[in-house]
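A.B. asks: Pasting a structure here, questions to come.
The values are calculated or read from the model by the stated rules, or taken from the named source; none is laboratory data. None of these values were measured; they are calculated from a predicted model. All Cβ positions, glycine included, derive from the backbone under ideal geometry; neighbour counts span all protein chains shown. Quick note on the areas: whole protein, heavy atoms, side chains included, nothing else; ligands and nucleic acids left out. Shrake-Rupley method; radii C 1.70, N 1.55, O 1.52, S 1.80 Å.
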Amino acid sequence: MISNQVLQNTLEGLKEISRTEFCVLDTEGKVLASTFADFSIATQGVQAFVESQADSQLVKGFQYFKVCDDYQLEYILVAHGDDEDTYMVGKLAAFQIQNLIVAYKERFDKDSFIKNLLLDNLLLVDIYNRAKKLHIEADVRRVVMILEMPQEKDHSSMESVKSLFGGKSKDFITAVDEKSIIVVKELEDGENYPEMDQLAHTILDTLGMGNDGKTHMAYGTIVNELKEVSRSYKEARMALDVGKIFFGDKEVIAYSSLGIGRLIYQLPIPLCKMFIKEIFGGKSPDDFDEETLVTIDKFFENSLNVSETSRQLYIHRNTLVYRLDKLQKSTGLDLRVFEDAITFKIALMVVRYMKYMETLEY
């Protein structure tokens, strides 16, 4: 369960403190980590020690120790020396490795629990029973954040995100696919959505992925109970998709800021097609020329203000009125009328949503 590199680093640290050479073997006598320049041992000697009842043994100037996990033998630790000091140091080293096993096992169990929690794979009773065993508080405020990258994530990206949280056991960083990193963040008193938005930008900046137009981060609503974490995760997932469709220029998107885009995203495609046909007949907003589309976007941007829109477009007010009249004749919608403007705006968003869904089909 523990990587050989972690074992090696542990032995080197122990050697530096105690000035004792160490070696860790598996139960078949294979060397997993060692500080010896050259160390070899007969497999039958290890096997004999494994099968014996002894927890430690002195053989030809080497101290042997068993390292167990829940009474299951995991490793054999060998320390060079035959005196009492070596025995004591060896026992301490074996105890350290045993604690590492427990820590890694708990970490793995927590990660597995969080993944199943996010994916809604647990019964309600299992959520609270397992959380209690893993010492995870149930009734605290949490939010789920998802970092989605354009390419498959690498190990360094995950570690960089983890380093931002300083190894806090209350926060969980995991993944359920190749391109996303998921953060289940526990909120401190006073922390709210503005702090989450700031944290999301900090993560992007730390990874050097800000302003690349391809990396996005989203987060769901803040929940108060462990059982609601999966809902926050689903909301963050939806925020990622809706953000790509309607807020492509934003790096960070909150579920609570999706507005009408969230409703449109949940509409069935046949209903969308029917709506567009009713509004535009046989036409599509794609059929409008670039000048008309720019005029429409700027008019909406300026809250249907004719004077301000004409000023920003550097055109005469009458020219803008002429363009709006022309659009009214072709669509039957007068964008100067609030109700018509709302209908047209929703229609544009529906078309954008339909285009996005077409790309997913391929």
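A.B. asks: So is GLN96 under 34 Å from the mean Cα position of the chain (by Cα), open to solvent by 90 Å² or more (accessible area, probe 1.4 Å) and either of a type outside the set (S, T, N, Q) or under 30 Å from ILE136 (Cβ atoms) (or both) or not?
C.D. replies: Answer is no for this residue.
A.B. asks: Still on this model: Evaluate the following for GLN5: is it more than 15 Å from LYS91 (Cα to Cα), open to solvent by 30 Å² or more (accessible area, probe 1.4 Å), without any contact (Cβ under 8 Å) to a residue 60 or more places away in the chain and assigned to a helix (DSSP H, G or I)?
C.D. replies: yes
A.B. asks: Follow-up. What pairs come up if the first residue lies in the range 327-338 and is on the phi > 0 side of the Ramachandran plot, the second is hydrophobic (A, V, I, L, M, F, W, C) and in a helix (DSSP H, G or I), and their beta carbons are under 9 Å apart, counting only those six or more places apart or on different chains?
C.D. replies: Cβ pairs passing all conditions: GLY332/ILE279.
A.B. asks: Further question: Tell me which residues, restricted to the range 253-284, are in contact with a Ser or Thr (Cβ under 9 Å, 6 or more places away or on another chain), within 27 Å of ARG323 (Cα to Cα) and in contact (Cβ under 8 Å) with a residue 60 or more places away in the chain.
C.D. replies: Of the range 253-284, the ones in contact with a Ser or Thr (Cβ under 9 Å, 6 or more places away or on another chain) are 254-256, 276, 279-281, 283.
Applying the additional criterion that residues be within 27 Å of ARG323 (Cα to Cα) yields 276, 279-281, 283.
Matches in the range 253-284: ILE276, ILE279, PHE280.
A.B. asks: So, in the range 178-201, of the ones that are open to solvent by 50 Å² or more (accessible area, probe 1.4 Å) and either in contact with a helix residue (DSSP H, G or I) (Cβ under 7 Å, 6 or more places away or on another chain) or part of a loop (DSSP other than H, G, I, E, B) (or both), which residue ends up nearest to ILE136 (Cα to Cα)?
C.D. replies: Only one residue fits best here, namely GLU188.
A.B. asks: While we're on this one: So which residues in the range 269-286 are open to solvent by 70 Å² or more (accessible area, probe 1.4 Å) and farther than 18 Å from ASP334 by Cα, if there are any at all?
C.D. replies: PRO270, LEU271, LYS273, MET274, GLY282, ASP286
A.B. asks: Could you check LYS244 against (1) of a type outside the set (Ser, Thr, Tyr); (2) open to solvent by 50 Å² or more (accessible area, probe 1.4 Å); (3) outside any helix (DSSP H, G or I) and say which number it fails?
C.D. replies: For LYS244, the exception is condition (3).
A.B. asks: Out of all the residues in the range 104-156, which are over 16 Å from LYS185 (Cα atoms), outside any loop (DSSP other than H, G, I, E, B), under 19 Å from the mean Cα position of the chain (by Cα) and modelled with pLDDT of 85 or more?
C.D. replies: Residues satisfying the conditions are SER112, ASN116, GLU148.
A.B. asks: Check the range 59-75 and report whether any residue there is closer than 30 Å to ASP38 by Cβ, over 20 Å from the mean Cα position of the chain (by Cα) and open to solvent by 70 Å² or more (accessible area, probe 1.4 Å).
C.D. replies: Checked against the condition, which is being closer than 30 Å to ASP38 by Cβ, over 20 Å from the mean Cα position of the chain (by Cα) and open to solvent by 70 Å² or more (accessible area, probe 1.4 Å), the range 59-75 yields at least one hit.
Let's see how each residue does on (1) touching a Phe, Trp or Tyr at 6+ places or on another chain (Cβ under 8 Å); (2) among the aliphatic types (A, V, I, L, M); (3) under 20 Å from VAL351 (Cα atoms); (4) not in a helix (DSSP H, G or I):
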residue	(1), (2), (3), (4)
PHE275	no, no, yes, no
GLU291	no, no, yes, no
ILE296	yes, yes, yes, no
GLU308	no, no, no, no
ARG311	no, no, no, no
ILE315	no, yes, no, yes
ASN318	no, no, no, no
ASP325	no, no, no, no
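A.B. asks: Could you tell me whether the range 339-360 includes any residue that is in a loop (DSSP other than H, G, I, E, B), without any contact (Cβ under 8 Å) to a residue 40 or more places away in the chain and open to solvent by 50 Å² or more (accessible area, probe 1.4 Å)?
C.D. replies: No.
A.B. asks: How many residues are more than 22 Å from ASP69 (Cβ to Cβ) and in contact (Cβ under 8 Å) with a residue 60 or more places away in the chain if we restrict to the range 115-136?
C.D. replies: 9
A.B. asks: If you go through the range 329-338 one residue at a time, how many are open to solvent by 70 Å² or more (accessible area, probe 1.4 Å), at pLDDT 90 or above and not hydrophobic (A, V, I, L, M, F, W, C)?
C.D. replies: Selection size over the range 329-338: 1.
A.B. asks: If you don't mind, another one. Going residue by residue through the range 11-33, is there one that turns out to be aromatic (Phe, Trp, Tyr), in contact (Cβ under 8 Å) with a residue 12 or more places away in the chain and under 18 Å from ILE97 (Cα atoms)?
C.D. replies: Yes, the range 11-33 contains a residue that is aromatic (Phe, Trp, Tyr), in contact (Cβ under 8 Å) with a residue 12 or more places away in the chain and under 18 Å from ILE97 (Cα atoms).
A.B. asks: Going by the structure shown, is LYS283 assigned to a loop (DSSP other than H, G, I, E, B), closer than 18 Å to ASP340 by Cβ and charged (D, E, K, R)? Even if it seems obvious, please write down each step before you answer.
C.D. replies: Details: assigned to a loop (DSSP other than H, G, I, E, B): yes; closer than 18 Å to ASP340 by Cβ: yes; charged (D, E, K, R): yes.
Yes: the conditions hold for LYS283.
A.B. asks: Take the range 216-241 and flag every residue that is surrounded by 16 or more Cβ atoms within 10 Å (Cβ to Cβ), acidic (Asp, Glu) and assigned to a loop (DSSP other than H, G, I, E, B).
C.D. replies: Within the range 216-241, no residue meets the criteria.
A.B. asks: Output the number of the condition that GLU28 fails; it satisfies all remaining conditions of (1) closer than 30 Å to ASP111 by Cα; (2) surrounded by 13 or more Cβ atoms within 10 Å (Cβ to Cβ).
C.D. replies: (2)
A.B. asks: Is it the case that some residue within the range 35-57 is closer than 30 Å to ILE136 by Cα and exposed (fewer than 14 other Cβ atoms within 10 Å of the Cβ)?
C.D. replies: There is no residue in the range 35-57 that is closer than 30 Å to ILE136 by Cα and exposed (fewer than 14 other Cβ atoms within 10 Å of the Cβ).
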